[in-house]
Structure formats: structure tokens, C-alpha cells
Amino acid sequence: MPEVVVRGRVLAYAVQPSEIDSTRGAVVFIHGSGGDCEDWKSQLDALSHTAAIVAIDLPGHGASPMPAEEEVSAYAQWVIDFVEELGLQKVMVVGCSLGSAITLTIALSQPAWLRAIGLVGAGARLRVQPALFEDIKTDPQSVLAMLGELCVSPSSPSEVREAVRDKLLSARPDVVHKDFSACNSFDVMKTIKEISVPTWIIVGEDDRLTPVKYAHFLDREIPVTSLTIVPDAGHLVMIERPHAFNE
């Protein structure tokens, strides 16, 4: 897996094609809580004919060394510095869940290279149930198993549901706790109208973590948007319905 040193720290990422043409344009994908770049495997495999497709491992996730962060703004700065270290131009940033909060934060900072954003399983505010902060410390496997169930639609194939559950069960509880903290303090309800780039909002019809009403709010408040509601999908549309997502 390729790596880049940013502010003295290693960040790992996946990319297709392997040689990046910085003038061609790029899509940078950001995973959610407890995830990593493998969450975007179907996009890496299918979309490289359209642009350079890059999926980052946030600090403390996947092959990027610890520590993880506890604030969305800190994660957003890592992604901004990552894009600039790679020399990417004409970039669309796409994030899921925690990654969508990072994407919104990047959009509000208006880097010169940003051309568009994509929001998946997103909200302008991402509150976490208070009990989860204690439960992830005392009974992490139960919390992670529950999240694995909630992240996908009951309509998703059993192999997809099992793969998501197993992936979350393998996540580090301390990293997920920090990701929860980042989500819980995130709130751009009052500034969302300041986003100036075209925004594509994608939500699963059965999303139980960031329901469709969250997507409708984003669609109303952000000036230039397209909204797609994907049937038979939950929070992780790109994994549950990869063909529909890629289209």
C-alpha cells in the first residue's frame, strides 16, 4: 500500500490507477468511524477510468499509524495536507458518515483545489448516544456488533451484512471512541449554506444512523446539490449497492 509523509507522520492510502496524473482530476474518498480505505474497494476497482481514485486511511485507521484524532477539524486538516502533499488538482472529496463531516469541514475551508464534494450517510450534525461512550469502553464487542447491524439495510445480502459486522468487530475500540467524540462535537447547521461547490448527496433509503431526513436538510440548505436516495441500502451505500453508488 502506498504511503506519504505528512507533517512528519505516515498516511497510507489506496489509489487507482497507480500512477497519478495530477492534471487529470482526482476523487478522494474518506471512510467513516472505525473504517479504512478498503471501504471504498468497489470504487477503486470501478471508477479509475474517470479520474484518479484515491482512498485515504485516516490517522490511526487501517495502515496509518496511531494516534487517531478526536475532532473533525483535525481530521480535515490531515486530508487537506494529504491532498496537497500528493499534488492533486481539481479534486472531488467524497466522505461517508464521519468522512462526510470531514468533507463538509473541508468544503467550508474552501481550498483552491476543491471542485465538488460527495456526502454519503451524512448530516449537518452527528450526535452520538451518550451511553455509547461508556459502552464502547466496557463492552466494546457488543457495541461494535450492534453498529455492524445498524450500518446496513436488512435488505442487503447476508454476506454483505456479515462482512460489515466482521469489519467493525475488528476495529480498535479506542479509535472508535475517538471517532464517536469527533462526530458528537460536529455541528455545521448554521454554516452549511456557505458551501460553494457542487454537492452530490447519496443516502440509503433504509439508513438508520443518518436517516433520509438528514439528506433532505442538506439538500435544502446547500446551494448547489443533487440528491440520490438508493433503495435497499442503509448507511454504507458504497458497500451495499456499489453499482448503483458508482453510477
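The values are calculated or read from the model by the stated rules, or taken from the named source; none is laboratory data. As the structure is a computational prediction, the values presented were derived from the model and not from experiment. Every residue, glycine as well, gets a Cβ built from its backbone with ideal geometry; the counts of neighbours run over all protein chains shown. Each accessible area value is taken on the protein alone, full model and side chains, heavy atoms only, with ligands, DNA and RNA left out. Shrake-Rupley method; radii C 1.70, N 1.55, O 1.52, S 1.80 Å.
Would a scan of the stretch 28-43 turn up a residue that is touching a Pro at 6+ places or on another chain (Cβ under 7 Å) and either assigned to a strand (DSSP E or B) or over 22 Å from Ala107 (Cα atoms) (or both)? Give the derivation first.
Going through the stretch 28-43, the residues touching a Pro at 6+ places or on another chain (Cβ under 7 Å) turn out to be 42.
Still in the running and either assigned to a strand (DSSP E or B) or over 22 Å from Ala107 (Cα atoms) (or both): 42.
Yes, because at least one residue in the stretch 28-43 is touching a Pro at 6+ places or on another chain (Cβ under 7 Å) and either assigned to a strand (DSSP E or B) or over 22 Å from Ala107 (Cα atoms) (or both).
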Item to complete: Would you mention how many residues in the stretch 222-247 are open to solvent by 50 Å² or more (accessible area, probe 1.4 Å), farther than 21 Å from Lys41 by Cβ and either in a loop (DSSP other than H, G, I, E, B) or modelled with pLDDT under 95 (or both)?
Response: 3
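So that you can scan it fast, the table gives a plain yes or no per residue for (1) farther than 26 Å from Ala244 by Cβ; (2) modelled with pLDDT of 95 or more; (3) among the charged types (D, E, K, R); (4) touching a Ser or Thr at 6+ places or on another chain (Cβ under 8 Å):
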{"site": "Ala46", "(1), (2), (3), (4)": "no, yes, no, no"}
{"site": "Thr50", "(1), (2), (3), (4)": "no, no, no, no"}
{"site": "Ala55", "(1), (2), (3), (4)": "no, yes, no, no"}
{"site": "Leu58", "(1), (2), (3), (4)": "no, yes, no, yes"}
{"site": "Ser64", "(1), (2), (3), (4)": "yes, yes, no, no"}
{"site": "Ala68", "(1), (2), (3), (4)": "yes, yes, no, no"}
{"site": "Gln77", "(1), (2), (3), (4)": "yes, yes, no, no"}
{"site": "Phe82", "(1), (2), (3), (4)": "yes, yes, no, no"}
{"site": "Met92", "(1), (2), (3), (4)": "no, yes, no, no"}
Worksheet item: In this structure, is Met92 more than 23 Å from Gly8 (Cβ to Cβ), touching a Gly at 6+ places or on another chain (Cβ under 9 Å) and open to solvent by 30 Å² or more (accessible area, probe 1.4 Å)?
Response: yes
Worksheet item: Under the condition of being in a loop (DSSP other than H, G, I, E, B) and within 21 Å of Ala26 (Cα to Cα), which residue from the stretch 65-89 is most open to solvent (accessible area, probe 1.4 Å)?
Response: Gln89
Discussion item. Name the residue that is surrounded by the fewest Cβ atoms within 10 Å (Cβ to Cβ), counting only residues in the stretch 143-157 that are more than 19 Å from Arg172 (Cβ to Cβ) and not hydrophobic (A, V, I, L, M, F, W, C).
Written reply: Pro154
Worksheet item: Would a scan of the stretch 211-221 turn up a residue that is in contact with a Phe, Trp or Tyr (Cβ under 9 Å, 6 or more places away or on another chain) and open to solvent by less than 70 Å² (accessible area, probe 1.4 Å)?
Response: no
Item to complete: Please give the number of the condition Asp187 fails out of (1) surrounded by 17 or more Cβ atoms within 10 Å (Cβ to Cβ); (2) out of contact with any Gly (no Cβ under 9 Å at 6 or more places or on another chain); (3) in contact (Cβ under 8 Å) with a residue 40 or more places away in the chain.
Response: (1)
Discussion item. So Glu134 passes all but one of these: (1) assigned to a helix (DSSP H, G or I); (2) open to solvent by 60 Å² or more (accessible area, probe 1.4 Å); (3) under 28 Å from Pro242 (Cβ atoms). Which condition number does it fail?
Written reply: (3)
Item to complete: Those residues that are in contact (Cβ under 8 Å) with a residue 24 or more places away in the chain and part of a loop (DSSP other than H, G, I, E, B), I need them from the stretch 159-184; list them, please.
Response: Ala171, Arg172
Worksheet, complete the sentence: Subset of the stretch 11-31, residues open to solvent by 10 Å² or more (accessible area, probe 1.4 Å) and either among the hydroxyl-bearing types (Ser, Thr, Tyr) or touching a Gly at 6+ places or on another chain (Cβ under 7 Å) (or both), comes to Tyr13, Ser18, Ser22, Thr23
Fill in: Test: residue in the stretch 101-118 that is assigned to a helix (DSSP H, G or I), modelled with pLDDT of 95 or more, open to solvent by less than 10 Å² (accessible area, probe 1.4 Å) and among the polar types (S, T, N, Q)
yes
